[in-house]
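Working notes for the structure below.
The values are calculated or read from the model by the stated rules, or taken from the named source; none is laboratory data. Keep in mind that what you see is a predicted model, and the values were worked out from it rather than measured. Glycine also receives a Cβ, built like all others from the backbone with ideal geometry; neighbour counts cover every protein chain displayed. Ligands, DNA and RNA are excluded from the accessible area calculation, which covers all protein heavy atoms including side chains. Shrake-Rupley method; radii C 1.70, N 1.55, O 1.52, S 1.80 Å.
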Amino acid sequence: MREVCFGIDIGGTTVKLGLVSREGDLLDKREFPTFRDVGATFDDIADHMRQVMESFPDCFCVGAGIGVPGPVVNQSLVIHCVNLGWQNINIAQELASRASVPVRVANDANLAALGECWQGAGKGCRNLVLFTIGTGVGGGVICDGRIIAGATGGGGEVGHMTVPFHSDWQCCCGRKGCLEATASATGIIRAARQFSPFKEMEKVTAKDVYDAAAAGDENAKAVVKEAADALGYAAGAVSCIVNPEMIILGGGVSAAGSALLAPVEAAFKTSVLDACADVRFALAQLGNNAGIFGGAALFFAE
């Protein structure tokens, strides 16, 4: 029988569930609302898993890998999911008791990094760092093919590294000077609103700022460069610790493509230790499916 695994990405509003083969083929995918109630969420997930497996009678399910928006300990216990209001929930136990398959759990950003390592931009690579740049800045660190989760599940929180940019700007974590405060879409918009025409606009997006920079607006160009410099600085600092082969940029802001990638790589080269400088940069490839592939990789990439 063909071996398959469920990859499940639990977000604040929706659950993304996919069935993935050992060969890395996405056989089925569905999306449905996340319930605030823990029991209702996992009842629903188990029901969808049963429905999917009914369509693949010739397949054997080896397990389910789950990503959640919070720190995870021992691939099972989530300490705190702010977006869901969950605290100290044994996610692995909740699903395994309902679906009767082995379950492994990881932080969602860490799982996205593992997915990119297994079947995305980092395929064939064993050591990489992912930066996801959207409303905030998240990420994950993969060393020798494995997620670095740390003692309490806080490994890979690259967005909350302190960088020497806007040290007085408060981050959503409560501290000041985090990478997220400068380099996220939120930070880019905040910086741009200091200048015209952005301070007169009712709504500004990071894309607006990148478009203005591409059109030659000097203030927009300065804002974009500052965000890239902050990301490059952070990438250099992380590289001195984990010495990755690749650094991958994902998230909504990565839609800027080379306008983001090239200046980040240039800034990285000015700050990284020579011994750790041989790094390839790439844009993420899996998009919203990264967590699904990462969940399957918890079983298939070992």
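Taking only Cα atoms and a 10 Å spring cutoff, compute GNM fluctuations for the chain and point out the largest among S184, S196, S167.
Its mean-square fluctuation being the largest, the pick is S196.
Let me check I've understood the local charge: for D278, count other residues with C-beta under 11 angstrom from its C-beta, Lys and Arg +1, Asp and Glu -1. What total comes out?
On the way: positive: K269, R280; negative: E245, D274.
Net charge in that neighbourhood comes out at 0.
Rg and Dmax in Å for the range 1-47, alpha carbons only: what are they?
For the range 1-47, the Cα radius of gyration and maximum Cα-Cα distance read 11.8, 36 Å.
Run the reach check for K207 against lysines, Cα to Cα strictly under 24 Å, same-chain hits fewer than 8 apart removed. What comes back?
K199, K221, K225
Using a simple charge model, +1 on the beta-carbon of Lys and Arg, -1 on the beta-carbon of Asp and Glu, nothing else, what dipole does the chain show about its Cα centre, in debye to the nearest 20?
Values: 23 positive and 32 negative charges, 59 e Å.
In debye, rounded to 20, the chain gives about 280.
Compute the FRET efficiency between A262 and Q87 as 1/(1 + (r/R0)^6), taking r as their Cβ-Cβ distance and R0 = 35 Å, and round to the nearest 0.05.
Details: r = 42 Å, r/R0 = 1.20.
Efficiency computed from Cβ-Cβ geometry: 0.25.
For the range 151-302, treating each Cα as an identical point scatterer without solvent, what Debye log10 I(q)/I(0) comes out at q = 0.08, 0.13, 0.15 1/Å?
At q = 0.08, 0.13, 0.15 Å⁻¹ the computed log10 ratios are -0.25, -0.65, -0.85.
Against the empirical 2.2 N^0.38 Å scaling, what ratio does the C-alpha Rg of the chain come to? Walk me through the intermediate numbers first.
Values: Rg = 19.6 Å, N = 302, 2.2 N^0.38 = 19.3 Å.
My calculation over the Cα atoms of the chain gives 1.02.
For every helix of n ≥ 4 consecutive DSSP H residues, a contribution of -39,500 (n - 2.57) applies; sum these over the chain, divide by its total residues, and give [θ] at 222 nm rounded to the nearest 500 deg cm²/dmol.
-11500 deg cm²/dmol
Using the reciprocal of the averaged 1/r over all distinct C-alpha pairs, how large is the Kirkwood radius of the range 162-247 in Å?
Numbers: mean 1/r = 0.0737 Å⁻¹.
13.6 Å is the Kirkwood radius here.
With every protein chain kept in place and ligands, DNA and RNA left out, what is the accessible area per residue of the range 1-146? Probe 1.4 Å, answer in Å². If you can, show how the numbers build up before the last one.
Working: 5870 Å² over 146 residues.
Ligands and nucleic acids excluded, the figure is 40 Å² per residue.
Using 0.36 nm per residue of separation minus the Cα-Cα distance, give me the extension gain between T152 and R280 in nm, one decimal.
Values: separation 128, 0.36 × 128 = 46.08 nm, distance 2.96 nm.
Extra length available between T152 and R280 comes to 43.1 nm.
DSSP H helices in the chain with Cα extent of 24 Å or more along the helix axis and mean Kyte-Doolittle hydropathy at least -0.5? Write down the numbers at each step before the final one.
Details: long enough: 38-54 (25 Å, -0.19); 218-242 (36 Å, 0.69).
Correct list, ordered by number: 38-54, 218-242.
Please report the carbon-and-sulfur percent of the accessible area for the range 58-171; probe 1.4 Å, protein heavy atoms only, DNA, RNA and ligands left out. Intermediate results must be reported in sequence, preceding the final value.
Working: 2170 of 4460 Å².
Whole-percent figure for carbon plus sulfur exposure: 49.
What does the charge count around E54 come to, taking other residues whose C-beta lies under 14 Å from its C-beta (Lys +1, Arg +1, Asp -1, Glu -1)? Let's see the in-between values first.
Numbers: positive: R30, R50; negative: D28, D47, D58.
Taking every other residue near E54 into account, the sum is -1.
Could you please state, rounded to a whole Å, how far the C-alpha centre of the range 278-302 is from the C-alpha centre of the range 111-179?
13
Quick one: Karplus J couplings for the range 128-144, per residue in order, coefficients 6.51, -1.76, 1.60, θ = phi - 60°, nearest Hz, x for Gly and Pro?
After applying 6.51 cos²θ - 1.76 cosθ + 1.60, I find 8, 10, 10, 10, 9, 10, x, 4, x, 10, x, x, x, 10, 10, 10, 6 Hz.
Using the 2.2 N^0.38 Å rule of thumb for compact globular proteins, work out how the range 1-158 stacks up: its C-alpha Rg over that value, please. Don't skip to the end; give the middle numbers.
Working: Rg = 15.0 Å, N = 158, 2.2 N^0.38 = 15.1 Å.
With N residues counted in the range 1-158, Rg over 2.2 N^0.38 Å equals 1.00.
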